[in-house]
Amino acid sequence: MTDDPNRPAARPGTALARARALPPWSLLAAGVLLGGALGGAYGALKTPQYSATSYVVAVPTEKSDPAAALGFAQAYGRVATQLAVLGDAQVWAGVPVSTLRGSVRAATSPDAPMVSVTATSERPDLAADIANAVSRSLTRHANDTEDSTHVELLQFSRAIEPTEASSLSAGATGLIGASAGGLLGGLALLVRPRRAEQAPPAASVPGPATAVDVHGQL
C-alpha cells in the first residue's frame, strides 16, 4: 500500500487542535473509565490472599507482676518475626524461613499483655498453619527463659482456617482505580491547553493617496 501523493500532509498542529476541541469533561471521564478498567482487571487477575491470626498472652508468675508481663509482651512481639523464632516455626509449618518472613507479622497492645501473630498466604489452610507454628515457636522460646523473666507465655487462641480472602476484591480495586483515574484526569484537565482567544479584526484606514483622490473629486 502506497501513500497518495495528492493527499495533503497532516499538519503538526492537527492533534493539538483536536485535543483542544474536546469537551472539558472528556479527560475526566476517560480517566475514570480507564482507571476503573485497569483496577478491576488487577483485582480479577491477582491471586487472592488469606490471613489467619493466633494470639498468645503473657502471664506473670508469683515472683512477678502484671506490669512486668505487659512489658515482656511488647518484647515478645518484637522478636516474633526474628530468625530464632522463625527457624523453629519452619519445621512445623513446612515452609522455608523466607516464606515466613514475607507472610508473618506480629502486633501488641499497649493495654493488654497479648501478642497477635498474623500469617498471610494464597492457601487458607497454610495461613492458619503458619500462624500457629510461629505462635508455638514464640511460646517455646519465651518459656525457656521463664526462670529469669518470671513471665510465662501461653497460647490464648489458635488460628483457624479463614473462609474469606483478606485481599481486595475486583470491585474494590476497580473503585480505587476509577478514583485514581479521575484524579489524573482532573490534573490533566488543569494543564489542558486552552483555546486561543481570537483578536477582533482591525479597522481598515484609507491610505494617504486614496484620501487625496477623494478630496479632489469633491
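The values are calculated or read from the model by the stated rules, or taken from the named source; none is laboratory data. If you're wondering where the values come from, they're calculated on a predicted model, not measured in any experiment. With ideal geometry, Cβ positions are generated from the backbone for all residues, glycine too; neighbour counts draw on all protein chains shown. The protein model used for the area step is the full one, side chains on, heavy atoms only, and it has no ligands, DNA or RNA in it. Shrake-Rupley method; radii C 1.70, N 1.55, O 1.52, S 1.80 Å.
Tabulated values for the structure
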quantity: Meets criteria (in contact with a Lys or Arg (Cβ under 6 Å, 6 or more places away or on another chain) and outside any helix (DSSP H, G or I)) for Ser54; calculated: yes
quantity: Test: residue in the stretch 82-94 that is open to solvent by less than 70 Å² (accessible area, probe 1.4 Å), out of contact with any Pro (no Cβ under 7 Å at 6 or more places or on another chain) and more than 16 Å from Ala142 (Cβ to Cβ); calculated: yes
quantity: Tabulated pairs, the stretch 71-89, first over 10 Å from Val115 (Cα atoms) and of a type in the set (Val, Ile, Thr), second open to solvent by 50 Å² or more (accessible area, probe 1.4 Å) and not in a helix (DSSP H, G or I), C-beta under 8 angstrom, 6+ apart or interchain; calculated: Thr81/Arg105
quantity: Test: residue in the stretch 164-182 that is over 30 Å from Ala29 (Cβ atoms), under 29 Å from the mean Cα position of the chain (by Cα), at pLDDT 90 or above and not in a helix (DSSP H, G or I); calculated: no
quantity: Single match in Ser109, Ser121, Ser103 (criterion: polar (S, T, N, Q) and either free of Cβ contacts under 8 Å to residues at least 24 places away in the same chain or over 30 Å from Ala41 (Cβ atoms) (or both)); calculated: Ser109
quantity: Residue under evaluation Thr163, criteria (1) more than 14 Å from Ala69 (Cα to Cα); (2) surrounded by 14 or more Cβ atoms within 10 Å (Cβ to Cβ); (3) in contact with a Pro (Cβ under 8 Å, 6 or more places away or on another chain), criterion not met; calculated: (2)
quantity: Qualifying positions in the stretch 105-141 - open to solvent by 20 Å² or more (accessible area, probe 1.4 Å), hydrophobic (A, V, I, L, M, F, W, C) and assigned to a strand (DSSP E or B); calculated: Ala106, Ala107, Met114
